[in-house]
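Peer 1: Pasting a structure here, questions to come.
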Amino acid sequence: MGNKSGGKICESRSARMRIAVWIVFVVGGWVAGYYLDRMLWHRLFVFTPYHLLSAAAGIVLFQVMRKIARNTGRFLHDHGRAGDIPRFETNVLVTGGYYRYMRHPMHQGLMLAPVSIALLAGSPSFLLIIAPLEIFLMYVMIATIEEQEAIKKFGDDYRKFMQRVPRFCWRWECWKMLIRGVDENEQS
């Protein structure tokens, strides 16, 4: 396995693990929600007004999450890579653009995934029990695994970055920036 990106999606064990975790969260949350709904409410909600509203909200939230992931992913791809490295890998510490305001802008957007999938599934158990648990687990993984990998990769530069910039930015202005994208003059 070389460092060529042609055809290689990701080579690191950590990147493959993160992709697997996302798949488990989505599929596992959906399945667990289905069974919890049956246990807690003793029936499935089949085509109710709740489902129509839930699905509409889920579609909107999923599109917002996709837009944030696309915006931040493109930015990281353009600014976080030097040379020919596999997709989903970075080797440059990015501190401009979205990263001026938060250390994990893509993850902040991806935290909407469990909620949007729960709404699409129309599962109250997924929405109220499983999605919050998955978001908490994502936060823990970011705070422990992601941050430690970044420290290992970028050393003192990342430690200084951690002191200046919060992990996430929950202000409305930050959400708007994540959705609309960064201006050219905000990128460096």
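Peer 1: Taking +1 at the Cβ of each Lys and Arg and -1 at the Cβ of each Asp and Glu, which of ILE59, PRO86, ALA32 sits farthest along the dipole of the chain towards its positive end, judged by Cα position relative to the Cα centre?
Peer 2: PRO86
Peer 1: Evaluate the distance, in nm, between pseudo-label points positioned 7 Å from the Cα of PHE154 and of LEU133 along their respective Cα→Cβ axes.
Peer 2: Reported label-point gap for PHE154 and LEU133 is 3.3 nm.
Peer 1: Divide by every residue of the chain the summed helix terms, -39500 (n - 2.57) for each DSSP H run of at least 4, and state the resulting mean residue ellipticity at 222 nm, rounded to the nearest 500 deg cm²/dmol.
Peer 2: It comes out at -19000 deg cm²/dmol, rounded to the nearest 500.
Peer 1: Run the numbers on the chain and let me know its relative contact order in percent, using alpha-carbon pairs under 8 Å that are six or more apart.
Peer 2: 32
Peer 1: With axes computed from alpha carbons, what is the tilt in degrees of helix 131-141 against the longest principal axis of the chain, rounded to the nearest 10 within 0 to 90?
Peer 2: Orientation of helix 131-141: about 20 degrees from the principal axis.
Peer 1: Under a point-charge model restricted to the Cβ atoms of Lys and Arg (+1) and Asp and Glu (-1), what is the dipole moment magnitude of the chain relative to its Cα centre, in debye to the nearest 20?
Peer 2: 100
Peer 1: Sorted by mean Cβ packing within 10 Å, highest first, what order do the peptides 134-145, 100-111 take?
Peer 2: 100-111, 134-145
Peer 1: Output ³J(HN,Hα) for the stretch 106-111: one whole-Hz value per residue in order, computed from phi by the Karplus curve 6.51 cos²θ - 1.76 cosθ + 1.60 with θ = phi - 60°, and x for Gly and Pro.
Peer 2: 5, 5, 4, x, 5, 5
FYI, it's all coordinate maths here, none of it is from the lab. Being a predicted model, the structure only gives us computed values, none of them experimental. FYI the Cβ positions are ideal-geometry reconstructions off the backbone, even for glycines, and counts take in every protein chain you see.
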